[in-house]
Amino acid sequence: MMSNTIAISSDFLTAFAALPRQVQGKVTDFINKFRNNPTAPGINYEKINNVTDSKICSVRIDDTYRGIVAREKESGVYLLLWVDHHDEAYDWAKRKKCAINPSTGSVQVFDIQEVSEPIPSVIEDFGLFAEISDADLLALGVPEEQLTFVKSIPREEVFFKSKSTFPVDAYENLEWVVNGFSVEEVLDLYRANHSSSIQTGDLAEALQKPESRSAFVIVEGEDELRKIMSEPLEKWRVFLHPSQRKIVEKDYSGPVRVLGGAGTGKTVVAMHRAKWLAARIKGKERILFTTFTANLAADIKDSLRKICSLDEQRRIEVINLDAWVSQFLREHGYPNTIVYDNVLDGVWEEAVALSGEDLGLPVSFFSEEWAKVVATQEAFTLEAYAKASRLGRGTRLDRKKRLQVWHVFEEYKNVLKERHIRDVDTALFECRLLIEKEGPASQYQSIIVDEGQDFSMSAYRLLRALAGKEHPNDMFIVGDSHQRIYKKKVTLSKCGVNVRGRSNLLKINYRTTEEIRKYAFALLKGIDFDDLDDDYDDGRICQSLTHGTAPK
C-alpha cells in the first residue's frame, strides 16, 4: 500500500492564525483526520470552477470554511495551501499554481493570472527587470509563467507590493537584484546555500529539498501536528531558510563560527542545531548550550521545549556560563563565590589604598587593566605581566610603573582570597585548571554558544578545555560583534578554537524592514567591527525580506 505524504504550507499557517479560535479547533481536527487517511470517504473534495491548476481543489471544514489542497493522487502527496471563508478561499485558489520549479527543484506556489493582467501603474520604457534575460530569470527561480509579469514591473514599490504573487525563493532572489547585487552574485549566493540535485517529476522527493522545507512542513504525527497548530505564527519552530538549514544539518570536522546581524536568526539556528545534534548522539552523551546571560538561557530552554522531544530535551543542558562555572566549582569543593562589579568596585578601591601606590590613575584603570591585559593573556604573575602586550590601552607604563601596578594587583588578589570571593575571569581560569587536571567535566559531545560576541578569552579557553581535544561537531558558536555589549574583543584562534574553513554568515534579516536596516548600517559607516577572530566584519552582505516606511 502506498504511503501518503501530508504537508502544510507556511501560507496555510498564516491563514489559520487569522481564524476564530473555535474554527481553528475544527481545522486542527480535520487535519488530523486528513493526515490519517486523505482518501477517506468523509473527506469532501470539491472541484473549483475556472481554477488554473487542476491539482488544486477544496476540502470542507464546516458549512462556512474551506481548506485549499493541492493533491497528486498518483504519488500520494497532499499539500494544505490555504484556509478561509468559502468564497475567499475559492478566490485565492483560482489564482494559484503549485508546481516543481524545473530550474531549482523546489515546490512553488505562485500567482499566474497576474501575468495577463495590466500593471496598475504607468508603464515605463524600462521595467525593473527588463534587462535580465529569460534564462537568468528562470535560473533565479522565476516560474516560466511569470516571466512576462516580472519584466513588466516598472518600479521597486510595485515589486514589493507584488510579493504574495511570487514563490518565496524567486521573490528573495529578485530582491537581492533590486538591492544592487548582480545576477551572477545572486546566483552564486543561491547555489552556495541550496542543494544541486533536481527532481522535477517527484513531488514527494521535492518536498525534502531545503528550498521546499523553508515553505512546507511534512506532518509526521499527531503530537507534531498539535505543536505546529498550537502556535501557527511561531514559524521559526517549523521552517528554516535553506541557508540556515545548510548550517544546521551538517557534520563539521571541528569548531564552527556563525555570524549574523540582529534579526538574522542566530539563536534559532543554534537551537535547531542543538535539536539536530541531540537526535543523533548516543548513549550518555550530552550537549551543553550556553549563553552569556541567565535570562536568555531561560528563554532558550523554554523555546527548546517547543521543538524538541522529551528525549532530545534531556540530552541538552541549557545554562549561562557563569552559572555553570559556579555550579561546577561548588561541586568540587571550591570555597569562593563569584562576585561582580557592584562588589568588585569596592575591592579595587581597597586594593589601591592598601598598595600605597600613587600613579595618578583612576581606580577604573586597574580593573580594566586586569580584565583586558592580565585575564585576557593569563598574565597572573609579575613576570608574565611584565611581558604582556598592552596594545590599545592608551596609558603608557614603563617597567617601574608596571611594578607599581602589580603591587595593586597583589593587594587585589589578597583581598579576594581573604573574603573567599573571585571575579569572573579568575574563576574561569581556576575552573579551567581544574578541568585540565581532572579531565573533561562531563559527557559533553558538543558545546553550543549563543551571544558569542560577549564571551571573554577566558571563557573560550574554558569552553575549549570543556569540549576536550578538537573533534567533529565539538563547538558551534553564534554571535555578532555589532551587538557586543561588554567590550570583550576576542580572538578565537588564540583560545584554541580553530574555525578556519568552518565559518558561516547569515545574510537575511527577518526582524526589521530593509529601510530600517539600511538606515542603521549607514549610522555605523566608518566604524570597524571584528569577526571574533582578528578579522573584519562589515555586515553589509545582508538584506531584509520586509519593507516599510523609511526612518526620518
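The values are calculated or read from the model by the stated rules, or taken from the named source; none is laboratory data. Because the structure is predicted, anything quoted here is derived from the model rather than measured. Please note: Cβ atoms are built from the backbone with ideal geometry, for glycine as well, and neighbour counts cover all protein chains shown.
Against the criterion of being surrounded by 15 or more Cβ atoms within 10 Å (Cβ to Cβ) and under 16 Å from Arg432 (Cα atoms), Tyr334 qualifies.
Okay, residues lined up against (1) in contact with a strand residue (DSSP E or B) (Cβ under 7 Å, 6 or more places away or on another chain); (2) surrounded by fewer than 18 Cβ atoms within 10 Å (Cβ to Cβ); (3) at pLDDT 95 or above; (4) within 24 Å of Gly496 (Cα to Cα):
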position	(1), (2), (3), (4)
Gly261	yes, no, no, no
Ala270	yes, no, yes, yes
Ala274	yes, no, yes, yes
Ala278	yes, no, yes, no
Asn295	no, yes, yes, no
Ile300	yes, no, yes, no
Arg305	no, yes, no, no
Arg315	yes, no, yes, no
Val318	yes, no, yes, yes
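In summary, helices (runs of 4 or more DSSP H) completely within the range 379-483 and bearing 2 or more residues that are touching a residue at least 12 places away in the same chain (Cβ under 8 Å) and among the β-branched types (Val, Ile, Thr) occur at 399-419, 424-438.
Answer yes if at least one residue in the range 181-192 is in contact with a Lys or Arg (Cβ under 7 Å, 6 or more places away or on another chain) and either over 17 Å from Leu13 (Cβ atoms) or at pLDDT 90 or above (or both), and no otherwise. No, there is no match, as no residue in the range 181-192 is in contact with a Lys or Arg (Cβ under 7 Å, 6 or more places away or on another chain) and either over 17 Å from Leu13 (Cβ atoms) or at pLDDT 90 or above (or both). For beta carbons closer than 7 Å, sequence separation of 6+ or different chains, a first residue in the range 169-182 that is outside the structural domain of Asn509 (by TED's automatic domain parsing) and within 14 Å of Asp136 (Cα to Cα) and a second that is basic (Lys, Arg) and assigned to a loop (DSSP other than H, G, I, E, B), there are no qualifying pairs. Of everything in the range 193-227 that is surrounded by 17 or more Cβ atoms within 10 Å (Cβ to Cβ) and among the basic types (Lys, Arg), the residue that is modelled with the lowest pLDDT is Lys209.
Which ones in the range 4-25 are outside any helix (DSSP H, G or I), modelled with pLDDT of 95 or more and not hydrophobic (A, V, I, L, M, F, W, C)? Of everything in the range 4-25, those that are outside any helix (DSSP H, G or I), modelled with pLDDT of 95 or more and not hydrophobic (A, V, I, L, M, F, W, C) turn out to be Ser9, Pro20.
Against the test of being without any contact (Cβ under 8 Å) to a residue 24 or more places away in the chain and either under 25 Å from Gln208 (Cβ atoms) or β-branched (Val, Ile, Thr) (or both), the options Ser106, Ser54, Ser75 yield a single qualifying residue, Ser54. Annotation: of all residues in the range 14-73 being touching a helix residue (DSSP H, G or I) at 6+ places or on another chain (Cβ under 8 Å) and of a type in the set (D, E, K, R), the one that is surrounded by the fewest Cβ atoms within 10 Å (Cβ to Cβ) is Asp62.
With respect to (1) among the small types (Gly, Ala, Ser); (2) at pLDDT 90 or above; (3) under 19 Å from the mean Cα position of the chain (by Cα), the lone exception for Gly254 is condition (3). Looking across Ser162, Ser212, one residue alone is of a type in the set (S, T, N, Q) and under 30 Å from Pro38 (Cα atoms). It is Ser212. Taken as a whole, the range 437-446 holds at least one residue that is in the same structural domain as Lys301 (by TED's automatic domain parsing) and modelled with pLDDT of 95 or more. Per the conditions (1) surrounded by fewer than 21 Cβ atoms within 10 Å (Cβ to Cβ); (2) under 35 Å from the mean Cα position of the chain (by Cα); (3) not hydroxyl-bearing (Ser, Thr, Tyr), the sole criterion not satisfied by Leu80 is (1).
For (1) within 33 Å of the chain's Cα centre (by Cα); (2) surrounded by 19 or more Cβ atoms within 10 Å (Cβ to Cβ); (3) not aromatic (Phe, Trp, Tyr), each residue gets a yes or a no:
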| position | (1), (2), (3) |
| --- | --- |
| Val363 | no, no, yes |
| Phe366 | no, yes, no |
| Glu369 | no, yes, yes |
| Arg393 | no, no, yes |
| Thr426 | yes, yes, yes |
| Arg432 | yes, yes, yes |
| Glu436 | yes, no, yes |
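For the range 328-346, the count of residues that are of a type outside the set (S, T, N, Q), touching a Phe, Trp or Tyr at 6+ places or on another chain (Cβ under 8 Å) and more than 27 Å from Leu466 (Cα to Cα) is zero. Considering only residues in the range 455-487 that are closer than 15 Å to Asn320 by Cβ and surrounded by fewer than 20 Cβ atoms within 10 Å (Cβ to Cβ), the one that is modelled with the highest pLDDT turns out to be Ile485.
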